[in-house]
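Below is one structure, written out as structure tokens; comments come after it.
The values are calculated or read from the model by the stated rules, or taken from the named source; none is laboratory data. Bear in mind that the values here come from a model prediction, so they are computed numbers and not experimental data. Cβ sites come from the backbone with ideal geometry, for glycine too, and all protein chains shown count toward neighbours. Please note that ligands, DNA and RNA were not included when accessible areas were found on the heavy atoms of the full protein model with its side chains. Shrake-Rupley method; radii C 1.70, N 1.55, O 1.52, S 1.80 Å.
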Amino acid sequence: MFVCSCFGITEQQVHDHVAAGAGTPREIAARCKAGTDCGSCVRRIQGLLGRGAPCGRRVAASAAAEAVPVGSPAAPLPAHAA
């Protein structure tokens with residue numbers, strides 16, 4: 001599966017760069033240019049590196065956090081109450 005459409009970089013290529021010592025999106029970019037053109041693949045690269053969830057899971061977690069009823073112990077206080 002392609003990670004970076006701009007430069008034709010696949011997941012396997014990213015994993016190969018990680019195995020060769022790249023540990024950050026910037027180091028991946030230095031090795032193969034992935035993430036340096038339009039930038040739409042940077043979050044996917046971060047996910048492959050274990051630095052954050054891919055977009056779909058992040059949105060789901062955010063939506064779940066917003067579903068906490070107001071006034072429940074887990075709900076944040078309104079800004080005017082703080």
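The table for this structure:
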read-out	value
Meets criteria (open to solvent by 80 Å² or more (accessible area, probe 1.4 Å), modelled with pLDDT of 95 or more and out of contact with any Lys or Arg (no Cβ under 7 Å at 6 or more places or on another chain)) for A30	yes
Selection status of V59, surrounded by fewer than 11 Cβ atoms within 10 Å (Cβ to Cβ), β-branched (V, I, T) and modelled with pLDDT under 95	no
Search result, residues across the stretch 6-24 that are touching a residue at least 24 places away in the same chain (Cβ under 8 Å), within 10 Å of A34 (Cβ to Cβ) and not aliphatic (A, V, I, L, M)	C6, F7
Enumeration of residues in the stretch 22-42 that are within 15 Å of the chain's Cα centre (by Cα) and farther than 15 Å from E11 by Cα	R26, G39
Odd one out for A65 among (1) modelled with pLDDT under 95; (2) open to solvent by 70 Å² or more (accessible area, probe 1.4 Å)	(2)
Residue check for A53: assigned to a loop (DSSP other than H, G, I, E, B), in contact with a helix residue (DSSP H, G or I) (Cβ under 7 Å, 6 or more places away or on another chain), modelled with pLDDT of 95 or more and surrounded by 11 or more Cβ atoms within 10 Å (Cβ to Cβ)	no
